[in-house]
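The values are calculated or read from the model by the stated rules, or taken from the named source; none is laboratory data. Just so it is clear, the model here is predicted, and its values are computed rather than measured. Don't worry about glycine lacking a Cβ; one is built from the backbone with ideal geometry, like all the others, and counts go over all protein chains shown. Please note that ligands, DNA and RNA were not included when accessible areas were found on the heavy atoms of the full protein model with its side chains. Shrake-Rupley method; radii C 1.70, N 1.55, O 1.52, S 1.80 Å.
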Amino acid sequence: MDENQLAGYADKNQLPPPSERIPAIRWLKQNLFSSWFNAILTIVSTALIMTIVFGLLRWALEARWEVIPANLKLLLVGTYPVEYLWRVWAVVYLVAFLLGFSSGAHGGLMRRVSTTAALVSVVLAVLPFPWGTRGWLLGIAVAAAAGFGLGYLGKGIRWCKRLEIASWILSFPISLIFLNGVGGILPVIKGRTMWGFMLNLIGAVVGIGLSFPVGVLLALGRRSKLRAIRLVCTAYIEIIRGVPLISLLFMASIMLQLLLPASVRPDLLIRAMLTITAFSAAYMAENVRGGLQAIPQGQYEAAYAVGLNKALTTILIILPQALRIVIPAIVGQFIALFMDTTLFGFIAILELLNITRSIMGNLEWRGTIFELYVFIGVVFWILCYSMSYVSRRIEKTLGVGER
Amino acid sequence: MSNKVSSSHSVPFWRDVRVLRVIGQVLFLVIIAAGILWLLNNLQVNLRACGLRISFNFLKNTAGFPISEGLRYNPTDVHGYAFWVGIVNTIRISLIGIVLTTIIGTVVGIARLSSNWLVKKLAGLYVEVVRNIPLLVQLFFWYFAVMLTALPMVKNSIGLPGSIYLTRRGVYLPWITPAESFGTWAWYIIGGLVVAIAVYVFRRIQLKRAERPGFPIIWAGTILILILGAGWFLTPGNPLALTIPVLKRFNFEGGLWLSTSFTSLLVGLSVYTGAFIAEIVRAGILAVSRGQTEAARAVGLKKAHVLRLVVLPQALRVIIPPLASQYLNLTKNSSLAILIGYYDLMNVGTTIFNQTGRAVEMILLIMASYLTMSLLTSLLMNYYNRRMKLVER
Amino acid sequence: MINNEGIIIYRDVHKWYGDFHVLRGITFTMQKGEVVVICGPSGSGKSTCIRTINRLEEHQRGEIIVDGIELTNDLRNIEAIRREVGIVFQQFNLFPHLTALQNVSLAPFWVLKMRKSKAEEVAMKLLERVGIPEQAQKYPAQLSGGQQQRVAIARALAMTPKIMLFDEPTSALDPEMIKEVLDVMKNLARSGMTMIVVTHEMGFAREVADRIIFFDYGQLVEENTPEEFFHNPKHDRTKLFLSQILDY
């Protein structure tokens, strides 16, 4: 029997699924008024929603929203000098370009993410920002489109994938150097502890990026057969996870310089970054360990049996599989870390939350506390929610992918 | 031909797996130890430069700063005691927060599985909103925006049914305080507990001997309530007094006062952690498949017994480990108290540091306090997990 | 080292899992080009026994000599033996993140340091040999159990081993796929490969094996030619086992 015959046989007995459309009244009855208890719940929650929505609406209409546009630059990039703002835009363009490139080369989820980013920038450009800002915003879409085109063209080429990974990795140090400046080439920008929301983003990205290799090593160490290595790694992970981040920041602000020789005096921001890396590494290690535990013993045995040594087995066989499993967990950790960067305010770094104090201290903007906190909440919510949405999608695609 | 093979005696040590393992570990330890020694040496040099020596003697000096809530405390008390007040305050906010957040989380978690569409969506909205906004933003919102801005002054306080008053100075609640005759009644409490425990143990053994099912806790509970009730009537005067907050000239008097910081911290932590607990509860309930419930019903157990004997134990096994880590998170997050002025151990610790300049000592004390709490929790969890594993087999 | 006493020599090999004595003094010798089938009830230590040959399990007493190299704690000896011994597992253990071709070419590229094109050429030839060259670019999850096991055989052969171990290679397969795997193994046996096969496929044993070894309670109970083993077993324990597996 050939394949077509088989397929025909399978098709013959297949029926279409029953229609699942329900009339509106029946839907209401099933979902909202199925019993008297449910009816009461429905009425109570409707009342609750109404109160909240109307309360919010009334407040939102009276609120002095002008505080946000008037201070937008301060909130987002803090004291970053206006004449150098193009550097920030350049970094944004670089990321948009790389996103576009990846989506052109892979499609799927990446494509949707970059399309959304481009669309958002276009929509923002329609809003009544100053004309200059609108132009910059449109540039994001252009950069993403350019990246997309190049990525699409380079799709089949072998070195293209390597180039893509390399440029993603390199984009982090390049962006940081670009924002900060290098002596002699780009003027160094002073007061980098006062860059507003940009510091939250930098903190989270640096924290995750640097903690990744450390976390992987710690996870491997914790699963090592060598007792001394396992003990030290476990102790580090558990101690860090046992204390709050704020106590580590406190330590970084007052004790770190005591532990280093007098000639080394890292500034506050560096110390904050080191702390968040050390903190994040312990959690990263636990996530990676979860992935390592999911790899069956047979994979190690098969690798040893074909003659791979321990290092090669780990690098070629175990880590690629384990890390793929933990991508969603790492995205989750990134979100948590991103939110934790608001604690930088505790050691006098002016990130988004802390910089609002300077606005509230301004007589002109007295009493705009609600507006500012709601703005911060909304900014974080949109970014965190969309990231967790993407991570959930990744989780779904991982389930059916190559595994 | 000869059958001579390379035997184990001739293995050079750099190729012997066992020797390599030992060398690897020793090398690793030496590097770690060298790193730590280097840091400690730097510390010593730096401290000597400031003319300091590590010593905990400063804990015996007078603190001199006020702490507005918690244990009875005077600025004339010593630093060590002040720190202890901070620890107790951390434990206080954590325990009350854990109770509150468990209630919120359970209700929302069940609501997320409700057959009512609106309730389900509302619960989902709560979880998604709360989880994706930084805790500190939420705490600031409760403290600066709600408590200190939106709430009225004491004179125009918002009264809720049951004599609860919300004001800018905090929340006032009716509270029960022991009266003069409490001492007499206390004997009934002790006696009641002893009898109840005795009954519980006795009944338990009896049931086991008879090999019959039953719930001895109901017996014990009933007896305890009976004894306490009898004691209440036999004691002259009321052993407990209800005090209700009453507005006097400048402030409320009587009742229980929850400070602004405490209230915002409590609400913020509970609401935030509750969203995570809701997800845990939901996953736990979903993990007990419908088949289990049906099987139990088919055996003929009553509905209440199904819940008590089949669903709950299995759901709890899924729920409790992540729940414990959320409780620990809440405790650790309570350290944000320092940013909204509640005197927890972090806050008192930094205040002592500011007064004495004892950085190393205070950091050690703070870290050790949190680590002790974490360690106790994980010991408890290990014990629980081991017991659960035994049950599984 | 040249050695005409046997390509695999076991002398009084013991192993314990904690208190449990899995291997209780195994002694046997195998010649080059021989095909030996090991059978026995589950838990009798037969899998453990063949896994000690390439140090997936460590033996605690006795001697194992493979092609003149004694298996000791010497890292170089372990590596050398692993290069000479290929193993095929019950659960295939293919690398799920690599294609069939990459699974096979991985070790030649990284361990034998072949050029990439050369390694892939070798891998492709082996996939042809096991009859699935058209599946080269697929991932393990896209292959049937039988195809996966054939890739696993090709992967083991890629290191040009002198000895091939098969640890219940057909136990995890659906019945209709067992034959395709056994056919590959038969061809391999005919080509003169030294093979140890742990299996319950008695038809295969009868047809291909030079010798059959029966294991029980961590001991080597009987060692016989297939003819004798099936028709005239020496040991009562063997008779019981054969009656249990052949009678239905």
Members of segment A:80-122 that are within 20 Å of A:Gly196 (Cα to Cα), of a type in the set (Gly, Ala, Ser) and touching a helix residue (DSSP H, G or I) at 6+ places or on another chain (Cβ under 6 Å):
none
Where a residue in segment A:150-163 is in the same structural domain as A:Arg111 (by TED's automatic domain parsing) and its partner, wherever it lies, is surrounded by 14 or more Cβ atoms within 10 Å (Cβ to Cβ) and outside any helix (DSSP H, G or I), with Cβ under 9 Å and at least six apart
A:Cys160/A:Gly154; A:Lys161/A:Gly154; A:Leu163/A:Gly154
Among the residues listed as C:Arg83, C:Arg76, the single one being open to solvent by 30 Å² or more (accessible area, probe 1.4 Å) and over 21 Å from A:Leu316 (Cβ atoms):
C:Arg76
Search segment B:38-78 for residues being within 14 Å of another protein chain (Cβ to nearest Cβ) and in a loop (DSSP other than H, G, I, E, B), and hand back the single one that is nearest to the chain's Cα centre (by Cα).
B:Ile54
Strands (runs of 3 or more DSSP E) (entirely within segment B:108-192) containing at least 1 residues that are more than 8 Å from every other protein chain (Cβ to nearest Cβ) and of a type in the set (Ser, Thr, Tyr)
B:164-167, B:170-173, B:175-178
Can you say whether A:Asn180 is in the same structural domain as A:Leu268 (by TED's automatic domain parsing) and not aliphatic (A, V, I, L, M), as far as the supplied structure shows?
no
Scanning segment A:350-373 for residues that are out of contact with any helix residue (DSSP H, G or I) (no Cβ under 6 Å at 6 or more places or on another chain) and either of a type in the set (Gly, Ala, Ser) or under 23 Å from B:Ser335 (Cα atoms) (or both), the one nearest to the other protein chains (Cβ to nearest Cβ) turns out to be A:Gly367
Test A:Gly307 against the stated conditions and say whether it is over 28 Å from B:Trp142 (Cα atoms), in a helix (DSSP H, G or I) and out of contact with any Gly (no Cβ under 6 Å at 6 or more places or on another chain).
no
Go through C:Gly33, C:Gly40, C:Gly68, C:Gly86 for me and flag whichever is among the small types (Gly, Ala, Ser), more than 14 Å from chain A (Cβ to nearest Cβ) and within 14 Å of the chain's Cα centre (by Cα).
C:Gly33
Please determine whether any residue of segment A:200-207 is assigned by TED's automatic domain parsing to the domain that holds A:Val88, of a type in the set (A, V, I, L, M) and touching a helix residue (DSSP H, G or I) at 6+ places or on another chain (Cβ under 9 Å).
no
Quickly run through segment A:228-269 and pick out the residues that are within 30 Å of A:Lys310 (Cα to Cα) and at the interface with chain B (Cβ under 7 Å from one of its Cβ atoms).
A:Ala228, A:Ile229, A:Val232, A:Ile239
Filter result for B:Leu100 (exposed (fewer than 14 other Cβ atoms within 10 Å of the Cβ), among the hydrophobic types (A, V, I, L, M, F, W, C), away from chain A (no Cβ under 12 Å) and part of a helix (DSSP H, G or I)):
no
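Given the criterion of a type outside the set (Phe, Trp, Tyr), touching a helix residue (DSSP H, G or I) at 6+ places or on another chain (Cβ under 6 Å), open to solvent by 30 Å² or more (accessible area, probe 1.4 Å) and not assigned by TED's automatic domain parsing to the domain that holds B:Ser264, identify the matching residue among B:Arg131, B:Arg204.
Working: B:Arg131 fails: not assigned by TED's automatic domain parsing to the domain that holds B:Ser264.
When all the criteria are applied, what remains is B:Arg204.
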What number goes with the only condition from (1) open to solvent by less than 40 Å² (accessible area, probe 1.4 Å); (2) closer than 25 Å to A:Thr356 by Cα that A:Leu99 does not pass?
(2)
Residues that are over 26 Å from B:Val22 (Cβ atoms) and open to solvent by 40 Å² or more (accessible area, probe 1.4 Å): does segment C:36-47 have at least one?
yes
Need a quick list: helices (runs of 4 or more DSSP H) entirely within segment A:176-287 having at least 3 residues that are touching a strand residue (DSSP E or B) at 6+ places or on another chain (Cβ under 9 Å).
A:197-222
Within segment B:208-303, considering only helices (runs of 4 or more DSSP H) that don't extend past its boundaries, which have at least 3 residues that are polar (S, T, N, Q) and either within 28 Å of B:Arg92 (Cα to Cα) or open to solvent by 20 Å² or more (accessible area, probe 1.4 Å) (or both)?
B:260-287
With open to solvent by 40 Å² or more (accessible area, probe 1.4 Å), modelled with pLDDT under 90 and part of a helix (DSSP H, G or I) as the only criterion, which of A:Gly132, A:Gly104 stands out?
A:Gly132
For B:Leu95, state whether it is within 14 Å of chain A (Cβ to nearest Cβ) and without any contact (Cβ under 8 Å) to a residue 24 or more places away in the chain.
no
Against the definition (within 22 Å of the chain's Cα centre (by Cα), among the small types (Gly, Ala, Ser) and more than 8 Å from every other protein chain (Cβ to nearest Cβ)), how does B:Gly105 come out, yes or no?
yes
